[in-house]
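For reference, the structure is listed below as structure tokens.
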Amino acid sequence: MSNMKAYLAEKYMSGAKADAILAKMGPKKKKRKATTAASSAFVMDVDGGWGDEAREDMEDAEEAAVVAADRSFKKRKVAPTEEGSGWATIQPGVKEETPPPDEQPQVVDTPFVGGLVTAQQLRKALPQTNVEPTATAEEMALAQETVYRDATGKKINTKAARAEAAKLKREREEKEAQKMEWGKGLVQRDEAEKRKQELEAQRGKKFARYADDADLNEEMKAKELWNDPAAQFLTKTRAKGPRKPEYTGPTPPPNRFGIKPGYRWDGVDRGNGFEKKWFQSINQKKRKGLESYQWSAEDM
């Protein structure tokens, strides 16, 4: 208790009361240890019968007397200075030092402002492109041109690639046209040539054709009509019309009606075998009749 009062008076109090407490709480005398004799078994009373409680009561009475003598302690004010305030600095604070020039904050002047802006204001505020104003149109087009690269990172020349693709396309179309030309037969080529010649001949003629047109009459006479009554006795050479193709392969198996197979027949008989059995039965009857006749006429 006394140690706490001395600490508070020393650190946080000033004036007569603090001086009285500090004077009273001076350096304490060391207590003498009780000496014990080897032959005796009792303890000597060094304090003379005064215990710790009596000593504390005396200290409180002295403090009350000092406070009564100095009534103006509570009313007195101490100037708020570091030396006379009674406050002790335990740990000094860190003083703010001015940072070096390279570490000082930089203030950037931004062109953007709050609120809505027009297109002209935004164009002025945005940074300019890296293309110099003195660049030519060709340089600007070259700078804006897209660069294409392959899987290995090599730059691809788009113009050469487009030219090569156009060349390949042209060659492919020529091959297709040549293949279509080779696929045509001789008859189709002759007909195409005749149509071309006819168109050339009709170019110089009039659009209207009358009954006395010789070419028209010859063309009409050359046509063959199925209901023409004079077609039987006309001796004029007839124009060759289209004919149906016929089968020209190996001899096919016979049938009851004598019908030839079509020109696209592959020679495989897909019937149920009735025609074959039919002819076998006919041949068997003929053979049996011949054998019976020979047997009957054998003895003659």
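The values are calculated or read from the model by the stated rules, or taken from the named source; none is laboratory data. Fair warning: this is a prediction, and the values are worked out from it, not measured in the lab. So basically every Cβ, Gly included, is an ideal-geometry build from the backbone, and we count neighbours across all protein chains shown.
Which one of these is loosely packed, with under 10 Cβ neighbours inside 10 Å, modelled with pLDDT of 85 or more and among the aliphatic types (A, V, I, L, M): ALA214, ALA230?
Values: ALA230 fails: modelled with pLDDT of 85 or more.
It is ALA214.
Of the residues that make up the stretch 239-251, is at least one exposed (fewer than 10 other Cβ atoms within 10 Å of the Cβ) and touching a helix residue (DSSP H, G or I) at 6+ places or on another chain (Cβ under 8 Å)? I'd like the intermediate steps shown before the answer.
Narrowing the stretch 239-251 to residues exposed (fewer than 10 other Cβ atoms within 10 Å of the Cβ): 239-246, 248, 250-251.
Remaining after also requiring touching a helix residue (DSSP H, G or I) at 6+ places or on another chain (Cβ under 8 Å): 239.
Checked the stretch 239-251: at least one residue is exposed (fewer than 10 other Cβ atoms within 10 Å of the Cβ) and touching a helix residue (DSSP H, G or I) at 6+ places or on another chain (Cβ under 8 Å).
Of the residues GLU191, GLU174, GLU224, which is part of a loop (DSSP other than H, G, I, E, B) and either within 60 Å of the chain's Cα centre (by Cα) or acidic (Asp, Glu) (or both)?
On the way: GLU191 fails: part of a loop (DSSP other than H, G, I, E, B); GLU174 fails: part of a loop (DSSP other than H, G, I, E, B).
Only one candidate passes the filter, namely GLU224.
Return the residues of the stretch 284-297 that are polar (S, T, N, Q) and surrounded by 10 or more Cβ atoms within 10 Å (Cβ to Cβ); say none if nothing qualifies.
GLN284, SER292
Tally the residues that are exposed (fewer than 10 other Cβ atoms within 10 Å of the Cβ), among the polar types (S, T, N, Q) and either at pLDDT 80 or above or in contact with a Cys (Cβ under 9 Å, 6 or more places away or on another chain) (or both), restricting the search to the stretch 137-158.
Number of matching residues: 2.
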